[in-house]
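Step one of this worksheet: look at the structure below.
The values are calculated or read from the model by the stated rules, or taken from the named source; none is laboratory data. What you are looking at is a predicted structure, and each value in this text was computed from that prediction instead of being measured. Cβ atoms come from the backbone with ideal geometry, glycine included; neighbour counts cover every protein chain shown.
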Amino acid sequence: MSEDLSDFESLRTSLFIQDIKTVGVPDIDNLDKINLTKRWRYHQRLRKQFRKRFRDKYLGLLVQRPLKRKFVRPIKINDIVLVGQDNLKRSDWLIGRVIDIYPGKDNQVRAMKVKTKARELTRLFKKLYPIELSSFT
């Protein structure tokens, strides 16, 4: 809508629903702490929802292993893995990167050191689940 009397624009119902269109950048003085806080909380809530959906829908499917494993892809250094924990749901397991491998006396991999977001953990091979099966080389 324009304030010019010579401008004849018809009224539409969508004009009442939509915000008034402004040209340019919003004035920084009009932004107040309450609006910024609301936006920040909204973005935090969205981030949590995306993370929860990713963990529930995607990561839960990766841990499903067959009972008889004829071929197990070896986990290598720098692979991204889920760290299995008996006291937590799969969606809450930690995600980490393998930084060291500890073989047993028979040269079979028995344990690995994994770096997570907060700390480094040493876990048995059986409790680590690779995230992606990109190649079998």
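Within the stretch 94-137, being part of a loop (DSSP other than H, G, I, E, B), modelled with pLDDT of 85 or more and hydrophobic (A, V, I, L, M, F, W, C) holds for one residue alone: A118. Exactly one residue out of R55, R41, R47 is in contact with a Ser or Thr (Cβ under 8 Å, 6 or more places away or on another chain) and either modelled with pLDDT of 85 or more or among the basic types (K, R) (or both): that is R55. For the stretch 86-120, enumerate the residues that are loosely packed, with under 15 Cβ neighbours inside 10 Å, within 16 Å of K76 (Cα to Cα) and over 19 Å from the mean Cα position of the chain (by Cα). Matches in the stretch 86-120: I99, D100, Y102, P103, G104, N107, Q108, R110.
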